[in-house]
Amino acid sequence: MFLILNEGKNLNIEWFSSRDLKKEVSRKIVNTEIVLDIGCGIYPQNLNECRTHICCEPFAQYIEYLKANNTNKEKLFLYYNCSWEEILGIVCEKSIDSIFLIDVVEHLEKSKGIELLELTVKIAKRQVIVFTPLGFIQQTSSDGKDCWGLDGGIWQEHCSGWYPEDFDDRWEISASIANHFRDNMGRSYEKPFGAFWAIRNL
């Protein structure tokens with residue numbers, strides 16, 4: 001496994017306010033031709049101004065919503081209703097410029113998340129970009145609904161928690177100790193949770 005190096009300490013960590021975190025991260029994103037957006041849900045990434053945007057989403061209702069409501073005509077969108085295992089199982093190494101995993105790894109068991117990261121590093125040519133909460137945040141759905149009123153409640157459940165220390169110093173970490181102020185159903189937390197971005201330049 002490539003995770004955990006330097007005795008759990010990553011020296012490439014920068015801390016920002018919640019207001020500045022995404023702005024600072026956007027400066028580190030390289031615009032490329034082809035992006036694979038794994039687990040895009042109904043909101044594909046908008047940090048990379050790519051020409052071809054591959055949306056991989058395992059929940060069919062999210063894909064159908066995205067196809068019906070996406071008004072972006074400036075790039076080519078390709079939609080795949082499949083799991084990350086399926087799409088990464090057929091994509092050749094170093095064949096995608098950039099791979100985004102925004103709010104994805106926390107929905108997997110830790111061992112599966114590590115496997116996913118290892119595969120993306122092999123397939124991406126320029127960058128792998130990860131966004132995840134800082135530590136574990138309990139997230140469930142009592143009625144199967146998600147915050148958008150769709151039937152994706154089970155897909156919003158969290159299975160693992162991640163920290164900058166889970167990434168070795170080949171990854172650049174940008175983090176905030178207060179970034180999530182509401183839960184997945186829009187209810188305010190008593191104390192906000194942090195979040196971080198991990199970027200691997202290849």
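The values are calculated or read from the model by the stated rules, or taken from the named source; none is laboratory data. Computed from a prediction, not measured in an experiment: that's the story for all the values here. Backbone-built Cβ (ideal geometry, glycine too); neighbour counts: all protein chains shown.
Annotation: Leu78 fulfils all but one of (1) on the phi < 0 side of the Ramachandran plot; (2) assigned to a loop (DSSP other than H, G, I, E, B); the unmet one is (2). Of the residues Leu101, Leu117, Leu88, Leu66, the single one that is crowded, with 16+ Cβ neighbours inside 10 Å and over 24 Å from Leu202 (Cβ atoms) is Leu66.
Please verify whether region 120-142 includes one or more residues that are of a type in the set (D, E, K, R), in a strand (DSSP E or B) and crowded, with 17+ Cβ neighbours inside 10 Å.
Yes, region 120-142 contains at least one residue that is of a type in the set (D, E, K, R), in a strand (DSSP E or B) and crowded, with 17+ Cβ neighbours inside 10 Å.
Scan region 10-66 for residues that are within 15 Å of the chain's Cα centre (by Cα), under 23 Å from Asp97 (Cβ atoms) and of a type in the set (A, V, I, L, M, F, W, C) and the total you get is 10.
Screening Ile154, Ile129, Ile137, Ile173 for residues that are of a type in the set (Val, Ile, Thr) and more than 28 Å from Ser98 (Cβ to Cβ) leaves exactly one candidate, Ile154. Taking every residue in region 152-164 that is without any contact (Cβ under 8 Å) to a residue 24 or more places away in the chain and pairing it with any residue that is part of a loop (DSSP other than H, G, I, E, B) and not hydroxyl-bearing (Ser, Thr, Tyr), at least 6 positions away or on another chain, the pairs with Cβ-Cβ distances below 7 Å are Gly153/Asp143; Gly153/Gly144; Gly153/Lys145; Gly153/Asp146; Ile154/Gly144.
Annotation: Ile154 fulfils all but one of (1) part of a helix (DSSP H, G or I); (2) surrounded by 14 or more Cβ atoms within 10 Å (Cβ to Cβ); the unmet one is (2).
Quick one: in region 81-108, of everything that is part of a loop (DSSP other than H, G, I, E, B) and acidic (Asp, Glu), which residue is nearest to the chain's Cα centre (by Cα)? Here the answer is Asp103.
Being in a strand (DSSP E or B) and of a type outside the set (A, V, I, L, M, F, W, C) is the filter; apply it to region 1-41 and report the residue that is modelled with the highest pLDDT. First the steps, then the outcome.
Our first condition is that a residue be in a strand (DSSP E or B); within region 1-41, this holds for 13-15, 34-38.
So of that shortlist, the ones also of a type outside the set (A, V, I, L, M, F, W, C) come out as 14, 37.
On the way: Glu14: 94, Asp37: 98.
Filtering first and then ranking leaves Asp37.
Only residues that are part of a loop (DSSP other than H, G, I, E, B) and surrounded by 19 or more Cβ atoms within 10 Å (Cβ to Cβ) were counted in region 48-57, giving 3.
Conditions (1) closer than 11 Å to Pro133 by Cβ; (2) touching a helix residue (DSSP H, G or I) at 6+ places or on another chain (Cβ under 7 Å); (3) at pLDDT below 95, marked per residue:
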{"residue": "Glu172", "(1), (2), (3)": "no, no, no"}
{"residue": "Ala175", "(1), (2), (3)": "yes, yes, no"}
{"residue": "Arg182", "(1), (2), (3)": "no, no, yes"}
{"residue": "Ser188", "(1), (2), (3)": "no, no, yes"}
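For region 136-151, a residue qualifies if it is within 29 Å of Lys23 (Cβ to Cβ) and touching a helix residue (DSSP H, G or I) at 6+ places or on another chain (Cβ under 9 Å), and the qualifying residues are Phe136, Ile137, Gln139, Asp146, Cys147, Trp148.
Right, Leu66: within 18 Å of Ile34 (Cα to Cα) and in contact with a strand residue (DSSP E or B) (Cβ under 9 Å, 6 or more places away or on another chain) or not? The answer is no for Leu66. A Cβ distance below 9 Å, combined with a sequence gap of six or more or placement on separate chains, defines the contacts here; from region 175-197, residues that are exposed (fewer than 14 other Cβ atoms within 10 Å of the Cβ) reach residues that are of a type in the set (A, V, I, L, M) in the pairs Tyr189/Ile137; Lys191/Ala178.
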